[in-house]
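Undergrad: My questions will all concern the structure given below.
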Amino acid sequence: MEMYNQKFGEARTRQIIPQMAQVGQSVGINFSYGGNVGNTFDSHRLIWHARKVGGSEAQDKIVESVFKAYFEEEKCLSDVTVLQDCAREAGLDATNLLSDSAMGEVETRAEQREFGRNCRGVPKFIFNGKYAVGGAQESDTLLEIFKSIADE
């Protein structure tokens with residue numbers, strides 16, 4: 001919880017944690033907040049790799065696996081073994097990627113520069129290259145974005 005308190009403040013954390021838990025439970029996600037937050041760059045490389053070798057479907061599977069490991073199972077995403085398990089769970093072999101820190105580094109850093117601006121929460125969605133929203137959002141927020149896009 002310390003990381004959330006530092007990022008959002010204690011009052012905001014007390015507000016968002018129950019909301020996230022309730023919304024998560026309604027869609028089968030059992031959030032747990034005791035995990036270690038480490039360097040997540042390798043998880044981003046893994047997500048990049050999944051899209052490169054298997055397209056959006058493989059990337060979605062990796063994201064689901066990584067999010068489950070962190071948000072539900074309190075696993076550390078800086079642990080290569082955790083990422084290897086996530087890859088296997090998603091049907092990918094990431095042994096070469098995770099043993100070569102240079103593989104995908106340039107591409108992943110480029111994606112982070114392009115899409116990571118002002119990223120304050122995950123997931124982060126960017127619609128039409130200009131509407132961005134991050135973190136847990138109410139469906140009404142997303143509907144407003146879709147309406148704005150449709151009105152353009």
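Undergrad: Please state which one of SER26, SER32 is at pLDDT 90 or above, open to solvent by 40 Å² or more (accessible area, probe 1.4 Å), closer than 23 Å to VAL133 by Cα and of a type in the set (Gly, Ala, Ser). Break it down into steps so the answer makes sense when it comes.
TA: Working: SER32 fails: open to solvent by 40 Å² or more (accessible area, probe 1.4 Å).
Going through SER26, SER32 in turn, the sole match is SER26.
Undergrad: Would you check if THR81 is farther than 17 Å from GLU111 by Cβ, without any contact (Cβ under 8 Å) to a residue 12 or more places away in the chain and among the β-branched types (Val, Ile, Thr)? Walk me through how you get there before you give the answer.
TA: Numbers: farther than 17 Å from GLU111 by Cβ: yes; without any contact (Cβ under 8 Å) to a residue 12 or more places away in the chain: yes; among the β-branched types (Val, Ile, Thr): yes.
It is true that THR81 is farther than 17 Å from GLU111 by Cβ, without any contact (Cβ under 8 Å) to a residue 12 or more places away in the chain and among the β-branched types (Val, Ile, Thr).
Undergrad: What residue, among those in the range 128-149 that are more than 19 Å from GLN15 (Cα to Cα) and among the hydroxyl-bearing types (Ser, Thr, Tyr), is modelled with the highest pLDDT?
TA: SER148
Undergrad: Working only within the range 66-93, note down all residues that are open to solvent by less than 70 Å² (accessible area, probe 1.4 Å) and part of a loop (DSSP other than H, G, I, E, B).
TA: Initial filter on the range 66-93 (open to solvent by less than 70 Å² (accessible area, probe 1.4 Å)): 66-67, 69-72, 76-80, 82-87, 90-92.
Correct list: CYS76, LEU77, SER78, ASP79, ALA90, GLY91, LEU92.
The values are calculated or read from the model by the stated rules, or taken from the named source; none is laboratory data. Since the model is a prediction, treat every value here as computed from it, not as a measurement. Counting neighbours? That spans all protein chains shown, and the Cβs are built from the backbone with ideal geometry, glycine included. These accessible areas exclude ligands, DNA and RNA; they are computed on the full protein's heavy atoms, side chains included. Shrake-Rupley method; radii C 1.70, N 1.55, O 1.52, S 1.80 Å.
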